[in-house]
Amino acid sequence: QVQLVESGGGLVQPGGSLRLSCAASGSILRINNMGWYRQAPGKQREWVAVITSGGSTNYADSVKGRFTISRDNAKKSMYLQMNSLKPEDTAVYYCNADVMKSPWDVMVTYWGQGTQVTVSS
């Protein structure tokens, strides 16, 4: 089985920073794209950022210039450095990953359980 576990959420004041981590474990042959999503209370889950296995990145306009996504393929981990946080960044943040478990399997998208980020004074 494949598991994704997020960590690093918490309460931070506006203008502050947080670094989220997402660690993948289990039977994994290869991880392609990894991404971050978030869901605020009463809203739909929205895409935040994505990083390919080669390190190419893309961001939602709402976080561009403030958030940085990165990954460590050897550790099967991904990170989201969040700077200049705003109250509207408050949400549960989820990571996902496109995983192939063996040469005979198709790529499957797995999700973490989420970590709460609250930006408030």
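Taking all protein chains in place and a 1.4 Å probe, what share, in percent, of the accessible surface of the chain do carbon and sulfur account for? The value for the chain is 48 percent carbon and sulfur by accessible area. GNM on the chain, alpha-carbon springs under 10 angstrom: the most fluctuating residue among L29, L85, L20 is L29.
Tell me the per residue accessible area of segment 74-121 using a 1.4 Å probe; a whole number in Å² is fine.
50
Relative contact order of segment 74-120, taken over Cα pairs closer than 8 Å and 6 or more residues apart, is 42 percent. Taking every alpha-carbon pair under 8 Å whose residues sit at least 6 apart, segment 43-84 reaches a relative contact order of 29 percent.
Can you tell me the dipole magnitude for segment 1-115 around its Cα centre, using point charges on the Cβ only (Lys, Arg +1; Asp, Glu -1), in Debye to the nearest 20?
With only Lys, Arg, Asp and Glu charged at Cβ, the dipole is about 120 debye.
Using a cutoff of 8 angstrom between alpha carbon atoms and counting only pairs six or more residues apart, the relative contact order for the chain works out to 36 percent. Can you give the net charge of the other residues whose Cβ lies under 14 Å from the Cβ of N96, counting K and R as +1 and D and E as -1? Its environment carries a net charge of +1.
The values are calculated or read from the model by the stated rules, or taken from the named source; none is laboratory data. This is a predicted model, so every value here is computed, not measured. All Cβ positions, glycine included, derive from the backbone under ideal geometry; neighbour counts span all protein chains shown. Please note that ligands, DNA and RNA were not included when accessible areas were found on the heavy atoms of the full protein model with its side chains. Shrake-Rupley method; radii C 1.70, N 1.55, O 1.52, S 1.80 Å.
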